[in-house]
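Read the structure below first, then the notes.
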Number of protein chains: 2
Amino acid sequence: MKVRHYEQVQQESVDMDGAEQCSIRWLIGPDDGAPNFAMRQFDVAVEGHTPKHTHPYEHEVFVLEGSGVVLHGETERPLQRGDVVFVAPNEVHQFRNTGDVPLKFLCLVPNVACS
Amino acid sequence: MKVRHYEQVQQESVDMDGAEQCSIRWLIGPDDGAPNFAMRQFDVAVEGHTPKHTHPYEHEVFVLEGSGVVLHGETERPLQRGDVVFVAPNEVHQFRNTGDVPLKFLCLVPNVACS
């Protein structure tokens, strides 16, 4: 068993093409022996966003703080604390901070996304 | 893509042996087409607890509100908002509310736990 506060986990910049002012913490992942899926925590600064992209695996997202939108193709859906987002494999998506404080969310992925 | 607030999801009592004053919401699961793992949200009332048990799959947990402890075998670890817990397969564990408000956490499991 491993117990830690999420802010104790090192924060890394997300340098992927299309990402602006995003950072990630790998809260639980393959390095912990997690056999199936990984828990990451994203911080998106004011006016920042994740890449608009698609991939063959899902996201399971929970919004912790802040507000923003998630793009689903060309459609925007508002996001607030406590919202849950299931992004199915191969869906075009992007998370954007439209508020005035950091947008923080959990985003879990299957281990196939970790290599 | 599916977007919903967690409180919109129906809450069900956890009737498993050893559970006291626990409820669960299945935020994302096989019914949504989630291919690999499920996101559930637990509420444990004051003085309540989950079963002390073990199973052959992991938990990935994030504490949303409240305070309590997680038992790891016979050892208690304190829990507060923002804490992350990785319970490896076959580890004995139990979540207990030791505070004076509901203990709320996310607990994700691989789909093998959903059948």
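Which of the residues belonging to segment B:99-112 are surrounded by 16 or more Cβ atoms within 10 Å (Cβ to Cβ) and under 21 Å from B:Gly48 (Cβ atoms)? The answer is B:Gly99, B:Pro102, B:Leu103, B:Lys104, B:Phe105, B:Leu106, B:Cys107, B:Leu108, B:Val109. So which residues in segment B:30-45 are surrounded by 19 or more Cβ atoms within 10 Å (Cβ to Cβ) and either closer than 15 Å to B:Glu60 by Cα or out of contact with any helix residue (DSSP H, G or I) (no Cβ under 9 Å at 6 or more places or on another chain) (or both)? Hits for segment B:30-45 are B:Asn36, B:Phe37, B:Ala38, B:Met39, B:Arg40, B:Gln41, B:Phe42, B:Asp43, B:Val44. Being basic (Lys, Arg) and under 15 Å from A:His49 (Cβ atoms) is the filter; apply it to segment A:77-98 and report the residue that is farthest from the other protein chains (Cβ to nearest Cβ). It comes out as A:Arg96.
When the strands (runs of 3 or more DSSP E) confined to segment B:12-115 are screened for residues that are over 23 Å from A:Arg25 (Cα atoms), those reaching at least 1 such residues are found at B:20-28, B:37-49, B:68-72, B:75-79, B:93-97, B:103-110.
Matching residues to (1) touching a Lys or Arg at 6+ places or on another chain (Cβ under 9 Å); (2) among the aromatic types (Phe, Trp, Tyr):
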position	(1), (2)
B:Arg4	no, no
B:Phe37	no, yes
B:Asp43	yes, no
B:Pro56	no, no
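Checked across segment A:61-72, the condition of being β-branched (Val, Ile, Thr) and at pLDDT below 95 holds for no residue. None of A:Ile24, A:Ile28 is closer than 14 Å to B:Ala88 by Cβ, of a type in the set (Val, Ile, Thr) and within 15 Å of the chain's Cα centre (by Cα) except A:Ile28.
The residue that is farthest from the other protein chains (Cβ to nearest Cβ), counting only those in segment B:1-11 that are part of a loop (DSSP other than H, G, I, E, B) and either of a type in the set (A, V, I, L, M, F, W, C) or farther than 18 Å from B:Lys104 by Cα (or both), is B:Val9.
The values are calculated or read from the model by the stated rules, or taken from the named source; none is laboratory data. None of the values given here were measured: they were computed from a predicted structure. Positions of Cβ are generated from backbone atoms using ideal geometry, with glycine treated the same way; all protein chains shown enter the neighbour counts.
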